[in-house]
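Remarks on the structure that follows.
The values are calculated or read from the model by the stated rules, or taken from the named source; none is laboratory data. From a predicted model like this one, the values you see are computed outputs, not experimental measurements. Virtual Cβ from ideal backbone geometry, glycine too; neighbours counted across all protein chains shown. Just so you know, the surface numbers come from the protein's heavy atoms only, side chains and all, with ligands and any DNA or RNA stripped out. Shrake-Rupley method; radii C 1.70, N 1.55, O 1.52, S 1.80 Å.
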Amino acid sequence: MKVLVIGSGGREHALGRQLSISPSLTRLFFLPGNTGTKSLGKNLDISPDNFDDIISLCKSEKIDLVVIGPEKPLVDGLADVLRKNSIAVFGPDASAAEIEAHKSFAKSLMKKYNIPSADYVEFDSTQLEMAAKYLESAKYPLVIKADGLAAGKGVIICSNINEADQTLEQLFVNRIFGSAGDKIIIEEFMEGEEASVFAITDGSDYICLPAAQDHKRIGDNDTGKNTGGMGAYAPAPLITNKLQLIVEEQIIAPTIKAMKDEGRIFVGCLYAGLMITSEGPKVVEFNCRFGDPETQAVLPLLEGDFLELLHSVAIGKLNKNAVAYSGGCAVCVVAASSGYPDAYQTGFEITGLTDSENIIVFHAGTKESEGKILTAGGRVLGVTSVIGQNDLARAKSIAYDALSKIYFEGIYYRTDIADRAIKKPNQI
Ligand code: AMP
Ligand code: GLY
């Protein structure tokens with residue numbers, strides 16, 4: 001089978017690597033891909049926004065499956081266009097991608113179908129005064145969220161009314177998120193620990209991959225700004241077998257059914273960002289795609305035929321036995337450019353990128369120039385250890401050992417990836 005992967009991050013490198021293990025893969029293309037994906041297939045210099053060129057390419061190369069990594073092309077309707085052209089695609093239509101595109105849609109869906117999540121109210125920019133009045137008598141901390149896509153920055157946790165008032169002004173008056181902030185969600189603050197669960201679904205049936213935990217904040221001990229994710233590990237011991245069943249029964253299965261009942265059949269990876277509270281698991285957010293960096297830790301733990309899994313979904317008949325959890329564990333530590341998630345410099349040479357046992361170095365913001373590999377983004381590499389035993393402490397030490405040999409000017413990474421699980425496994 002010939003496969004085209006859309007995207008250029010660590011997630012797409014991990015998707016490509018897992019697809020390349022499949023015996024039925026004949027050729028792999030990335031659009032646009034990154035330096036790491038070059039060793040797996042052909043990188044194509046076409047923008048993911050250029051739907052016409054993507055369709056022409058799929059036809060001329062006779063692509064059997066398109067796998068869409070990032071949310072933007074999904075929300076913009078790339079999967080719809082591909083399906084209209086009879087090209088098999090892994091990823092939801094725009095109407096189903098709404099679950100990530102508009103938090104107001106996701107929240108109302110969860111309310112309507114009794115899917116556990118934080119209590120909330122919603123205001124639009126014409127209701128500034130009403131929103132300000134609401135904040136006067138609200139309970140703190142609370143969370144203010146831009147309704148639309150805001151590159152992972154649209155969630156602000158406010159500890160008091162002053163912070164909340166300022167946030168309201170930033171969104172509705174200064175319009176820091178543009179039209180993505182024309183509507184806001186004000187949500188109850190949930191106490192607990194987070195986990196990411198990926199459900200692979202053809203719209204009716206599903207399987208869940210091993211649960212992961214992301215590390216969203218830039219600093220150790222979850223301090224500082226939110227980022228796209230600074231590291232991840234899997235499986236997350238927080239999600240015991242018992243809790244996994246509850247998550248599937250109360251969240252995954254009802255959401256997939258709800259989407260179907262709403263006429264928005266979800267085909268692809270439904271990412272549930274969860275808070276495990278004292279009242280049980282609740283949804284923090286849904287995404288319409290694989291998470292990054294979680295994918296870099298989750299996929300290497302799968303045995304079996306990942307291409308068969310994604311293709312079976314794309315043709316509407318999920319093969320639940322295509323892959324299985326191998327029994328090991330993985331720790332992915334993101335090496336970022338100094339300054340990220342704010343401004344950072346690029347173009348620094350990366351050294352020490354040699355393969356070593358139990359290590360996969362996934363590329364994200366890298367580029368090649370005159371035989372050298374240079375930094376080209378905020379999140380540069382995902383250094384991932386994968387071992388056959390479920391021993392996160394060992395996997396963590398292998399990942400950091402590999403990372404200590406890699407260098408570029410301004411290299412920054414958290415030093416505590418997986419510590420939550422290592423320090424207190426099975427706390428639930
Ligand atoms: P999101 O972009 O929706 O994933 O939110 C970013 C991060 O904000 C989440 O990973 C949580 O750590 C935090 N967060 C979002 N909503 C809530 C909430 N209602 N209560 C507590 N933390 C939250
Ligand atoms: N790691 C968070 C995300 O992919 O949205």
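Below, the figures for the structure above:
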quantity: Between the range 84-121 and the range 366-393, the Cα center-to-center distance that results, in Å; calculated: 31 Å
quantity: Accessible area expressed per residue, the range 61-116, with surrounding protein chains retained (probe 1.4 Å, Å²); calculated: 37 Å²
quantity: Kirkwood Rh (inverse of mean 1/r, distinct Cα pairs), the range 239-366, angstrom; calculated: 17.9 Å
quantity: Local electrostatic count at Ile63 - Lys and Arg +1, Asp and Glu -1, tallied over other residues with Cβ under 14 Å; calculated: +3
quantity: Burial order of peptide ranges 205-212, 278-285 (average beta-carbon count within 10 Å, highest first); calculated: 205-212, 278-285
quantity: Average accessible surface area per residue within the range 303-428, 1.4 Å rolling probe, Å²; calculated: 47 Å²
quantity: Links that overshoot a 32 Å alpha carbon limit, given the list Lys139/Lys183; Lys62/Lys153; Lys103/Lys372; Lys38/Lys260; Lys145/Lys320; calculated: Lys62/Lys153; Lys103/Lys372; Lys38/Lys260; Lys145/Lys320
quantity: Principal axis box of the range 85-221, alpha-carbon based, largest edge first, Å; calculated: 49, 39, 31
quantity: Gyration tensor (alpha-carbon) shape descriptor, the range 232-303, a/c threshold 1.5; calculated: oblate
quantity: Counted charge near Leu318, where neighbours are those whose Cβ lies closer than 9 Å (Asp, Glu -1; Lys, Arg +1); calculated: 0
quantity: Phi-based couplings in Hz for the range 263-271 (Karplus 6.51, -1.76, 1.60; Gly and Pro marked x); calculated: x, 10, 3, 9, 10, x, 10, 8, 9
quantity: Total formal charge among the other residues, if their Cβ is under 13 angstrom from that of Gly378, Lys/Arg +1 and Asp/Glu -1; calculated: +1
quantity: Size-normalised alpha-carbon gyration radius of the chain, reference 2.2 N^0.38 Å; calculated: 0.95
quantity: Accessible-area composition of the chain, carbon plus sulfur, in percent [1.4 Å probe]; calculated: 47 percent
quantity: Probe 1.4 Å, protein heavy atoms only - accessible area per residue of the range 236-294 in square angstrom; calculated: 35 Å²
